[in-house]
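Step one of this worksheet: look at the structure below.
The values are calculated or read from the model by the stated rules, or taken from the named source; none is laboratory data. Everything numeric in this text was worked out from a predicted model, so none of it was measured. Every residue, glycine among them, receives a Cβ derived from its backbone with ideal geometry; neighbour counts consider all protein chains shown.
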Amino acid sequence: MFDPILLRSFVAVVDCANFTRAAQRLHLTQSTVSQQIRRLEDSVGCKLLDREQRRVMATPEGERLLAYARRILALQEEAREVLVDLQSEGVLRLGVPEDFAAERLMPILSRFGLEHPGVRLEVTCGLGPELMRVYRQGEFDLLLVKQMGQGVDCLACWPEPMCWVDSRSAPAFGRDPLALVAFPVGGLYRNEMLHHLEMAGWHWRINYSSASLASVCTAVAAGLGISLLPTRVIGPQHKVLQASSGLPDIQGVYLALYAQPGLSHAGHLLLGQLRELCEAPQPRTAAT
């Protein structure tokens, strides 16, 4: 059985036609390479290199061994790469809005992890502007994000209908100033809500702020204030405020899907699953 280390030195000497250059390629000393060639020649019982000429050349026996040596080394490298690929298919980084992740995405992520155990899936939830900033810096492979308008370089986008929501049991609408429940500074819903209220001349006050969609929905249901929310998250404890309330009609929010070039095979599979999820019709639970 041939020692791959000895074969690698043999191939390097033949390719370089020189012991010194072969040693430099292998990051070894010249004496070490010479010893390895002698060990290989002793193991096969014949001379493999002609050292008498200016350029070191393979003997007829060496030429015959050379083809096998290259095949053995190539197969060894192929086997190593296969085993590495099986152990790890790399890292896949996904950015998603907090409300979308909590409500709809978890089953897909769980199934993806079971089907691709070699992929290290890293999911980051956050507010839309910050997620987009991080994606533009190349730190996400895939991005689902809420944005105003359809965007120019997204792969696909879907409208996100919005409405004003109040508590059914303890309405907050009608208080002066207008009591609000909001997401933190920088959130898309918050920015649009406050901008349109200011433009319409409303007096308002934020009574409760949270980055958690579940917390915001609970606060609205408890009567801490009204809020601007996607229609798909409205529950029976909520009441939708109609146009007769005089509140501004805020639309134009989209859920957009982005992907960096050069996605892995697993990345393309997850991209397809995200697209299917966003295109699937969602049941409405809006209360009036």
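A compact table of results
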quantity: Any hit, the stretch 200-210, residues being aliphatic (A, V, I, L, M), assigned by TED's automatic domain parsing to the domain that holds PHE173, over 34 Å from the mean Cα position of the chain (by Cα) and in a loop (DSSP other than H, G, I, E, B); calculated: yes
quantity: Residue identified as in the same structural domain as LYS146 (by TED's automatic domain parsing), touching a Leu at 6+ places or on another chain (Cβ under 7 Å) and either surrounded by fewer than 16 Cβ atoms within 10 Å (Cβ to Cβ) or part of a loop (DSSP other than H, G, I, E, B) (or both) among LEU270, LEU263; calculated: LEU263
quantity: Among (1) surrounded by fewer than 17 Cβ atoms within 10 Å (Cβ to Cβ); (2) out of contact with any Leu (no Cβ under 8 Å at 6 or more places or on another chain), the one test that LEU224 misses; calculated: (1)
quantity: The stretch 8-32: number of residues that are under 18 Å from ARG71 (Cα atoms) and aliphatic (A, V, I, L, M); calculated: 4
quantity: Which listed residue is within 20 Å of GLN147 (Cα to Cα) and either outside the structural domain of PRO97 (by TED's automatic domain parsing) or not in a strand (DSSP E or B) (or both), from LEU224, LEU194; calculated: LEU194
quantity: Qualifying residue in the stretch 214-223 (condition: small (Gly, Ala, Ser), at positive phi and at pLDDT 95 or above); calculated: yes
quantity: Conditions (1) closer than 30 Å to GLY272 by Cβ; (2) among the aliphatic types (A, V, I, L, M); (3) in contact with an Asp or Glu (Cβ under 6 Å, 6 or more places away or on another chain); number of the one not met by MET162; calculated: (3)
quantity: Test: residue in the stretch 76-90 that is out of contact with any Asp or Glu (no Cβ under 9 Å at 6 or more places or on another chain), modelled with pLDDT of 90 or more and surrounded by 15 or more Cβ atoms within 10 Å (Cβ to Cβ); calculated: no
quantity: Filter result for GLN24 (modelled with pLDDT of 90 or more and of a type outside the set (D, E, K, R)); calculated: yes
quantity: Residues of the stretch 264-288 classified as polar (S, T, N, Q) and at pLDDT 85 or above, total; calculated: 2
